[in-house]
Structure formats: structure tokens, C-alpha cells
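Please read the structure below before turning to the comments.
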Amino acid sequence: MKILPADPRATYLAAQAEIDAAIKRVLLSGHYILGPELDAFEKEFSAWFGTAGTVGVGNGTDAIELALLAAGIGPGDKVVTVANTVTATVAAIVATGAKPVFVDVEPGTMLLDVAALEAMLAKLRDPKIKAVVPVHLYGLAADMPRLMEVAVRHNLFVMEDCAQAHGSLVGGKKAGTWGQLASFSFYPTKNLGALGDAGAVTGRDAALLEKVRLLRQYGWRKRYVSDLHGRNSRLDELQAAILRVRLTRLDAENQRRGEIAKLYLAALKGAPLALPLVPEGRTHTWHQFVVRTPKRDELRAHLEKKDIFCGVLYPMPIHRQPAYHDASLALPQTEQACAEVLSLPLHPGLSNDDLARVTAGVKQFFA
Ligand SMILES: *Cc1c(COP(=O)(O)O)cnc(C)c1O
């Protein structure tokens, strides 16, 4: 039996009857775009998240782009982010017309290094730097109290990329409630996943959220009258109905992810690899369980021979990829992380026997 890094089919099957009923309900309703399911999902997600509003959009990449556009980010501006993220984060910044500026990550958490950000801002003194997009990678949020303090001092707009942090806490507050806006992806393998593409913008700035609501549909406030240069990025009724079912299970599934991580941490204690860290005051939602070893590729191949499949998020930092290549830029911590990270299989459908197989495989590799 194969053990997969993520298993969206298993997540569907766990709620099959409810999801099938939700799909049928939408199919029979005759309402497929911007209808009652999306209204309900937006309200339910806001209630779960603890913010005044949520705007469903086409995917997580659009969510980042529309959030930045709503804040007025565009050509001539610069936006700081990290280079150990999915291309989506950076593609969204580029799509606004702004230029991405990369900052290195902390060696332990592999998250945006706030001290490095502050040093960079002091060195560059560049008024074009208007915003920062921290990426809450693997289920762990960046150091938001310190980051907000720096952002306020430098007058930077903060848009949190929460695509991997549905429910993660920092200082008792949800990741995504610290900055002005936050983006979510509901790609099928995320902790809250649709069965297709979907995303959302949420956050504490209600006026900006209203702007995102216009931007997602041609800038219309009123039908056929564009107030803004918007475009089309809508979360459809089928996906909204599916997400409503999945949302009712999110906290329980995050809890199961936490149990799995605890079992991994206990079983791999003492093994010659770096285990994930959870700094004081933060809760991890274990989108990924990421270990580090210079023998990453060998360990991955060893596990594959045993039908255990791991992920690598991400094998190549953005500034080393052809489309974004910057030979003059060195981000040593980011580059080392990309060379060493390995995501052990982690999804709510894994049994304790599956986990025992994974940890036995890892230990055998190092024995
Ligand atoms: C998945 C993901 C995105 C992009 O989401 P899509 O829905 O695939 O567009 C953006 N940022 C991060 C960190 C992600 O993990």
C-alpha cells in the first residue's frame, strides 16, 4: 500500500455523503456563480476565522494579487517576501506590476527573518518598498508581533500568505489577523481544500476587503457598472458548497495532524536529522512535517522503494528559477533549506500503522 504525502481523495471519501449531497444541491439550484453557497461560506469562514469579512476568489494566487491591488500596490512599487515559497506568492506580486524583493529566512523555522528584514530596510532606505508578504510556511506562522512592529515603523502594508496556515496561532491570535489583509488557498491538498481551485481574501481591514469584492468581478459595485479596473476571479458555488462541508471538519482534522506530528516527533527523536521547531507562543497546524538532512535525496529515494512518498517544498528557491533568476542575490539560509527539506507524509487519512512504517523506514536509512 502506497503512503502518499497528501491524499485529497481520502479527504473527500471521509465526507463523501455530505459532499455528494452538497454538489447535488448546487446542481439542482440552477445557481452556479456568486450565489447562496458562496455567501454562506464567506460568513462561515469569517466566523471560524474571527474577522468581519471574507471574499471568495478563484485561487490562492489571485487572493494575493487582489489583496495587494486593493491596497494600491502596483507598477513602481516593491514588495518584500521570501524565496522559499511556491512560485504563486511571487507570481502574484509580479502580476500587480510591483517588483518582488527577497529577504532571507531564519535558520531554525525557515520563516521570514524579521531581523534580516529590518537590516535590509535600513540598508536600502527605498521608499518604493510598500508592502511585505510573510509566508506562513508548512503550518507555522512567522514572528508576527515583531514583524508588525517593524512594518508599522516603516509604514509597510502587511499581507499574510496563509495558504499553508489555516488556523495556526501566534500569540493566541490566528495567523492572518495580524496584517491588514490575508490570503488563503483552498487547493485540494491544503488543510482546508476544495475539489478544484478556490481561494479567499480576509483580514481586519473591512474597507480593503470591500475593494477586493469589487476587483474579483470587473470592478462592479452595481451590475454592469465598473467602479474599478477589476477582473474575473470568483469562487464558484460548487466549490463553495464543498468547502462548507470541509470547514466543519477543519479543526478536527488539524487536531489529527497535530497527533500525527507528535507521533513523528517522538519516534524520530535522536535520529540524525533536524526535526521541525515550534517556537514558544505559536501553534503549528502541520500542513507539512518537514525534516532536514543533507542526505535528503538519498532518504527520499530509500523511502520511495518502500512505497512511501515524500514531498519537497521547495527544491529551488525563487531567485534561482529561470523566470526570476537573480545571480547577484545570495540568501544562504533559504538556499540551504531548499537543499535539505523533506516533507514526510502527513494528512488526516494516515493510520498509526502508516506512521510506524514511515518512521521505521527513516530509522532504517540512518542505521
Ligand atoms: C498553495 C499556495 C499558494 C497558491 O495557491 P493556489 O490556490 O494554488 O493559487 C500561495 N502561497 C502558498 C504559500 C501556497 O502554499
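The values are calculated or read from the model by the stated rules, or taken from the named source; none is laboratory data. All of these numbers come straight from a predicted model, not from anything done at the bench. Please note: Cβ atoms are built from the backbone with ideal geometry, for glycine as well, and neighbour counts cover all protein chains shown. Only protein heavy atoms, including side chains, enter the accessible area calculation; ligands, DNA and RNA are left aside. Shrake-Rupley method; radii C 1.70, N 1.55, O 1.52, S 1.80 Å.
Hey, can you tell me all the residues within the stretch 157-177 that are open to solvent by less than 40 Å² (accessible area, probe 1.4 Å), more than 19 Å from residue 288 (Cα to Cα) and of a type outside the set (A, V, I, L, M)? Talk me through it step by step, then tell me what you get.
Step one: of the stretch 157-177, the residues open to solvent by less than 40 Å² (accessible area, probe 1.4 Å) are 157-168, 170, 175-177.
From the residues that got through so far, the ones that are more than 19 Å from residue 288 (Cα to Cα) too are 157-159, 177.
The answer is 157, 177.
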**Report entry** Selection status of residue 219, more than 15 Å from the ligand (Cβ to nearest atom) and closer than 21 Å to residue 62 by Cβ
**Finding:** yes
Query - Checklist (1) surrounded by fewer than 16 Cβ atoms within 10 Å (Cβ to Cβ); (2) out of contact with any Gly (no Cβ under 7 Å at 6 or more places or on another chain); (3) in a loop (DSSP other than H, G, I, E, B) applied to residue 276, failing item - result: (1)
Query raised in the report: Just checking, which of 265, 275, 228, 214 is in contact with a Lys or Arg (Cβ under 9 Å, 6 or more places away or on another chain), more than 16 Å from the ligand (Cβ to nearest atom) and not assigned by TED's automatic domain parsing to the domain that holds residue 12?
Result: 275
Query raised in the report: Restricting the search to the stretch 96-137, which residues are among the hydroxyl-bearing types (Ser, Thr, Tyr) and closer than 18 Å to residue 76 by Cβ?
Result: 96
**Report entry** Filter result for the condition that a residue is in a loop (DSSP other than H, G, I, E, B), away from the ligand (no atom under 16 Å from the Cβ), surrounded by 15 or more Cβ atoms within 10 Å (Cβ to Cβ) and in contact (Cβ under 8 Å) with a residue 60 or more places away in the chain, over 346, 313, 350, 355
**Finding:** 350
Query raised in the report: Taking the condition surrounded by 13 or more Cβ atoms within 10 Å (Cβ to Cβ) and out of contact with any Gly (no Cβ under 7 Å at 6 or more places or on another chain), does residue 303 pass?
Result: no
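Restricting to the stretch 134-170, give me the number of residues that are part of a loop (DSSP other than H, G, I, E, B) and within 19 Å of residue 334 (Cβ to Cβ).
9
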Query raised in the report: Can you name the condition, by its number, that residue 229 falls short on among (1) farther than 30 Å from residue 362 by Cβ; (2) in a loop (DSSP other than H, G, I, E, B); (3) in contact with an Asp or Glu (Cβ under 9 Å, 6 or more places away or on another chain)?
Result: (3)
Report summary line: Note on the stretch 180-194: residues touching a helix residue (DSSP H, G or I) at 6+ places or on another chain (Cβ under 7 Å) and either closer than 21 Å to residue 211 by Cβ or more than 16 Å from the ligand (Cβ to nearest atom) (or both) are 180, 181, 183, 184, 185
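Restrict the check to the stretch 284-296 and report whether at least one residue is part of a helix (DSSP H, G or I) and assigned by TED's automatic domain parsing to the domain that holds residue 254.
Yes, there is a match, as at least one residue in the stretch 284-296 is part of a helix (DSSP H, G or I) and assigned by TED's automatic domain parsing to the domain that holds residue 254.
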**Report entry** Tally of residues being surrounded by 14 or more Cβ atoms within 10 Å (Cβ to Cβ) and closer than 28 Å to residue 354 by Cβ across the stretch 1-51
**Finding:** 12
Report task. Answer yes or no as to whether residue 95 is open to solvent by 20 Å² or more (accessible area, probe 1.4 Å) and more than 16 Å from the ligand (Cβ to nearest atom). Result -> no
Requested in this report: Give the residue that is nearest to residue 100 (Cα to Cα), with candidates limited to residues of the stretch 120-130 that are open to solvent by 60 Å² or more (accessible area, probe 1.4 Å) and out of contact with any Lys or Arg (no Cβ under 6 Å at 6 or more places or on another chain).
Outcome: 130
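Matching residues to (1) free of Cβ contacts under 8 Å to residues at least 24 places away in the same chain; (2) part of a strand (DSSP E or B):
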| site | (1), (2) |
| --- | --- |
| 178 | no, no |
| 188 | no, no |
| 193 | no, no |
| 200 | no, yes |
| 211 | no, no |
| 238 | no, no |
| 250 | no, no |
| 255 | yes, no |
